[in-house]
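The values are calculated or read from the model by the stated rules, or taken from the named source; none is laboratory data. None of these values were measured; they are calculated from a predicted model. For neighbour counting, all protein chains shown are included, and Cβ atoms are generated from backbone atoms with ideal geometry for every residue, glycine included. Areas reflect the complete protein model, heavy atoms only, side chains present, ligands, DNA and RNA absent. Shrake-Rupley method; radii C 1.70, N 1.55, O 1.52, S 1.80 Å.
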Amino acid sequence: MPAAPSSPIPAGLGQLAGWDPACPEELPDLLARLSGLPDPRRRRGRRHPLPYVLAVAACAVLAGAKSLTAIAEWAADASDRLLFCCGAALRDPDRPCRAPSEATVRRVLQHIDGDAFDAAIGGWLTARAAASRAADQGEHPPPGPARAAVAVDGKSLRGAIRADGRCVHLISALRGDGIVLAQREVDVKSNEITAFRPLLEPLDLTGAVVTFDALLTQTDHAKFLVEQKGAHYIASNSQELWIS
């Protein structure tokens, strides 16, 4: 029989794809952000701390892993120093750091709070990009302040299928430089319209220009952005262009 296809990485890790690998000195901030996530596992039988498993998965994806199997293989080949920087627990000084197995990675990623995980990863990437941008601007200062641009869009994940055969659909808010500011899964009984406001509610959009497509071009969305978030918007439907 042919081998079963390897499971794709979850949505929370998908935003890491294409970024440069993490340096050890960047990992303490990632661990701090992941440490606030609720652990979905039972207390009994936990071998690895939750932030450690998630940090290993994040680093593996940054290094090019595209499936849960690839994450586990990367972890198995990682050095003790790197695993220690990711938060490995050293229970036995005579034994090197133990990498989480594929089964452990799978269980954790399947049951973790997806929205909280997205927020933690997105916050870390945002801070990482800000630090890199600040370093670059030190050498080449920008000519003047620019208004932030945020694009809201929804996509179905390729290869991510639920047990009932339905695709996993996400709605995301992306900054102009590609940073995912927020991301939510659209409920199978709902649509992107009802997910728009909960997606943007936690974000500081003061002065930002938010763009979205025809499906999301709703009067309530425009009022929400202008009156409650202090933002501007550019949107269009089949008949007109909305700008504020």
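Every condition in (1) open to solvent by 80 Å² or more (accessible area, probe 1.4 Å); (2) in a loop (DSSP other than H, G, I, E, B) holds for K223 except the one numbered (2).
Number of residues in the range 74-85 that are touching a residue at least 24 places away in the same chain (Cβ under 8 Å) and open to solvent by 30 Å² or more (accessible area, probe 1.4 Å): the value is 3.
Could you please let me know if G18 is open to solvent by 60 Å² or more (accessible area, probe 1.4 Å), out of contact with any helix residue (DSSP H, G or I) (no Cβ under 8 Å at 6 or more places or on another chain), under 20 Å from H111 (Cα atoms) and not charged (D, E, K, R)? Taking the combined requirement at face value, the residue does not satisfy it. Taking the range 182-210 as the range and being open to solvent by 50 Å² or more (accessible area, probe 1.4 Å) and not in a loop (DSSP other than H, G, I, E, B) as the test, the residues that pass are R184, E185, I193, T194, R197, P198.
Checking each residue of the range 32-45 against the condition of being in contact (Cβ under 8 Å) with a residue 60 or more places away in the chain, assigned to a helix (DSSP H, G or I) and under 24 Å from L125 (Cα atoms) gives at least one match. Inspection of the range 58-70 finds a residue satisfying the criterion of being within 21 Å of the chain's Cα centre (by Cα), under 16 Å from Q110 (Cβ atoms) and open to solvent by 30 Å² or more (accessible area, probe 1.4 Å).
For the range 162-194, filtering for residues that are free of Cβ contacts under 8 Å to residues at least 40 places away in the same chain, over 26 Å from A131 (Cα atoms) and not acidic (D, E) leaves 14.
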